[in-house]
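The values are calculated or read from the model by the stated rules, or taken from the named source; none is laboratory data. Just so you know, these numbers come straight off a predicted model, no measurement behind them. Counting neighbours? That spans all protein chains shown, and the Cβs are built from the backbone with ideal geometry, glycine included.
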Amino acid sequence: MGVIISSIDYILNNSRANSLWPLTFATSCCGIEMMQTVASDNDIARFGSEVFRGSPRQADLLICAGTITHKMAPVLLRLYEQMAEPKYVIAMGACTCGGGMFCDTSYSVIRGIDKIIPVDIYLPMCPPRPEALIDAIRKLQIKIKRESILKRKEFIDKHSTKLTEKQGLLVISEISESKNELQ
């Protein structure tokens, strides 16, 4: 039985890795570098990612580029939930990965999107060059080729979060904690 599952994983993962369709969520300067990645100098079409989708239902890779505020967090979470499984996330830029230069001076910036959605590849530069994004896509392809369907489900379940509103502020809490509160 293990041989059959390994063979199916191999075929499916190679197909997934070589046909990533990104959904863009660009909010600041990192978005311009992401657009440059599609241009003829860097052409990510060589890696099967040339079709940037406008709808989350047609995408399987979310490239989140730029500052994420508490007001944008529900929108980002909704887009992520609307994507089809398996879905992958690249956090592009220092602001996306950890709040960047705004983490100490702004109360409205979320200090890392991994508090909202699970992140597969971090790209923490300010702003990252197109070559770095291409490298991140290549690393994601290698990761996809090596993963198992069961391991992916465990990864997603481990990073489940929920946004709740308490006294007018968004609070990010893990679903496992909210299940314990209900019991």
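Data overview
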item	result
Lone qualifier among Val38, Val51, Val75, Val89 - being free of Cβ contacts under 8 Å to residues at least 40 places away in the same chain and under 11 Å from the mean Cα position of the chain (by Cα)	Val89
Residue count, the stretch 54-84 (criterion: among the basic types (Lys, Arg) and either farther than 27 Å from Ser15 by Cβ or surrounded by 13 or more Cβ atoms within 10 Å (Cβ to Cβ) (or both))	2
Subset of the stretch 85-125 [buried (at least 22 other Cβ atoms within 10 Å of the Cβ) and of a type in the set (Val, Ile, Thr)]	Val89, Ile90, Thr96, Ile110, Ile113, Ile116, Ile117
Identity of the residue in the stretch 97-142, part of a helix (DSSP H, G or I) and charged (D, E, K, R), that ends up nearest to Ser19 (Cα to Cα)	Arg138
Of all residues making up the stretch 79-96, the number that are in a strand (DSSP E or B) and within 16 Å of Arg53 (Cβ to Cβ)	3
Checklist (1) of a type outside the set (Phe, Trp, Tyr); (2) within 24 Å of Lys115 (Cα to Cα); (3) surrounded by 13 or more Cβ atoms within 10 Å (Cβ to Cβ) applied to Ala17, failing item	(2)
Total residues in the stretch 112-139, condition under 18 Å from Glu50 (Cα atoms) and at pLDDT 85 or above	10
For Ile142: the one exception among (1) at pLDDT below 85; (2) surrounded by fewer than 20 Cβ atoms within 10 Å (Cβ to Cβ); (3) of a type outside the set (Ser, Thr, Tyr)	(1)
